[in-house]
Amino acid sequence: MSVQVDSERLAEVVPDALAAIHEVLERHRVTEQEWHAVLAFLTEVGRADEFVLLSDVTRTSVLIDALTHGGDESGATASDVEGPMYTTEPPFRTKIYEEYEGISPDDDVLFVRGTVTSTAGDPVPEAVVDVWQTGPSGGYDVWDERQPEGNFRGRIRAETDGSYEFETMLPKPYTVPTEGPVGRYLEAVGQHPWRPAHIHLKVTAPGHQTLITQVFFPGDPYLDNDTIGAVKAALVRPVEPEGDHLACRFDIALRPAA
Ligand SMILES: [Fe+2]
């Protein structure tokens with residue numbers, strides 16, 4: 001991702017950011033040795049490609065999400081942090097996983113369905129719902145050698161009435177990666193690495209703003225203490241038994257394009 005920031009904004013924000021950092025360094029009398037350790041840590045974060053993760057666990061991503069999308073009274077579905085695990089253009093498919101060794105007989109098949117509408121309530125037939133999540137064990141496909149590449153990832157095209165549905169498995173809580181520099185940081189500051197179970201969604205449609213969000217499930221032990229602080233009450237959706245599987249309804253309302 002390469003983003004250009006306009007130089008007027010830089011001139012406005014950077015001096016304030018530096019003044020805030022300098023004030024903290026002065027207040028705590030941070031030593032040369034400590035500052036070199038900070039720089040070495042940040043270098044390592046960059047080498048490990050963990051800056052998004054660092055932004056997440058320091059709750060900076062949640063703050064930026066709130067500054068960007070907060071205070072919206074339009075009735076649109078609440079946005080949430082994208083996180084570092086999205087991969088572009090997963091296959092179009094309504095069952096987003098293949099069986100793998102890590103699935104146990106106690107794990108639940110889950111159907112997620114809903115309707116994509118505008119904030120005015122009109123169906124959005126050309127919406128694409130792009131989803132990614134962890135499996136019931138082993139986390140994301142990229143962390144788990146047992147899973148085929150791209151497992152628990154897929155895109156679903158909404159029907160002409162805006163409805164969509166996909167088949168997955170109920171995810172479980174997981175820990176963010178702890179073996180890299182961000183894991184060392186979490187341990188050092190005494191912050192646990194757990195996230196509540198969730199499914200990520202990115203919903204795109206012509207004429208509408210892209211929505212990036214997450215769905216959570218009631219009763220999860222980490223709903224109140226997500227390590228990245230990304231749980232929003234409006235995004236916690238009940239899961240109901242339905243025959244031999246579970247079902248969860250998640251209706252989505254998109255803002256009109258700016
Ligand atoms: Fe996630």
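Taking only the C-alpha atoms of the range 157-212, Rg followed by Dmax gives 17.5, 52 Å.
Amide H to amide H distances under 5 Å link residue 247 with 111, 240, 242, where only residues 5 or more positions off or on other chains count and H is placed in the peptide plane.
Comparing 33, 191, 147 in a Gaussian network model of the chain (Cα springs below 10 Å), the most mobile by mean-square fluctuation is 33.
Loop-resident GluC sites (Glu not before Pro) (DSSP state other than H, G, I, E or B) in the range 152-197 with no more than 12 further Cβ atoms inside 10 Å of their Cβ: 179. Computed over the chain with a Gaussian network model linking Cα atoms closer than 10 Å, the most mobile of 18, 186, 42 is 18. Debye-formula intensities of the range 190-235, expressed as log10 I(q)/I(0) at q = 0.13, 0.14, 0.28, 0.29 Å⁻¹, are -0.36, -0.40, -1.02, -1.06 (one equal scatterer per alpha-carbon, no solvent). With a cut-off of 10 Å between beta carbons, the residues surrounding residue 125 carry a summed charge of -3, where Lys and Arg count +1 and Asp and Glu -1. Peptides 7-14, 198-205, 56-63 ranked from most to least packed, by the mean per-residue count of other Cβ atoms within 10 Å: 198-205, 56-63, 7-14.
Name the shape class, rounded, prolate or oblate, that the alpha-carbon gyration tensor gives for the range 1-144, where a ≥ b ≥ c are the square roots of its eigenvalues, rounded holds for a/c under 1.5, and otherwise prolate holds if a/b is larger than b/c and oblate otherwise. Taking the square roots of the gyration eigenvalues as a ≥ b ≥ c, the range 1-144 is oblate. Taking the centroid of alpha carbons for each part, the range 9-44 and the range 199-258 are 36 Å apart.
Distances between placed amide hydrogens fall under 5 Å for residue 117 paired with 124, 252, 253, 254, all partners being 5 or more residues away or on another chain.
In the full protein context, the range 1-70 carries 81 Å² of accessible surface per residue, based on a 1.4 Å probe and ignoring ligands, DNA and RNA. By the combined test of axial Cα extent (at least 27 Å) and Kyte-Doolittle hydropathy (mean at least 0.0), the qualifying DSSP H helices of the chain come to 7-27.
In units of the rule-of-thumb radius 2.2 N^0.38 Å, the chain shows an alpha carbon radius of gyration of 1.11. Derived scalar couplings between HN and Hα for the range 192-197 equal 6, x, 7, 10, x, 4 Hz in order, rounded to whole Hz, by the Karplus curve 6.51 cos²θ - 1.76 cosθ + 1.60 (θ = phi - 60°), x for Gly and Pro. Between the residues 57, 183, 118, the greatest Cα displacement towards the positive end of the dipole of the chain, with unit charges on the Cβ of Lys, Arg, Asp and Glu, is found for 118.
Estimated from helical segments only, the mean residue ellipticity of the chain at 222 nm is -7500 deg cm²/dmol, where each DSSP H run of four or more residues counts as -39500 (n - 2.57).
Other residues within the sphere of radius under 11 Å centred on the Cβ of residue 81, judged by their own Cβ, net out at -2 (K and R +1, D and E -1). Only four residue types carry charge here, +1 at the Cβ of Lys and Arg and -1 at the Cβ of Asp and Glu. Report the dipole size of the chain about the Cα centre in Debye, rounded to the nearest 20. Rounded to the nearest 20 debye, it is 260 debye. Taking a ≥ b ≥ c as the square roots of the eigenvalues of the Cα gyration tensor, an a/c ratio of 1.5 or more together with a/b no larger than b/c marks the range 20-91 as oblate.
An oblate overall shape is assigned to the range 157-258, the ratio a/c of its alpha-carbon gyration tensor axes (a ≥ b ≥ c) being 1.5 or greater and a/b not exceeding b/c.
The values are calculated or read from the model by the stated rules, or taken from the named source; none is laboratory data. The structure displayed is predicted, hence computed values, not measured ones. Quick reminder, even Gly has a Cβ in these numbers, built from the backbone with ideal geometry, and neighbours come from all protein chains shown. In case anyone asks, the SASA skips ligands and DNA or RNA and just uses the protein heavy atoms, side chains included. Shrake-Rupley method; radii C 1.70, N 1.55, O 1.52, S 1.80 Å.
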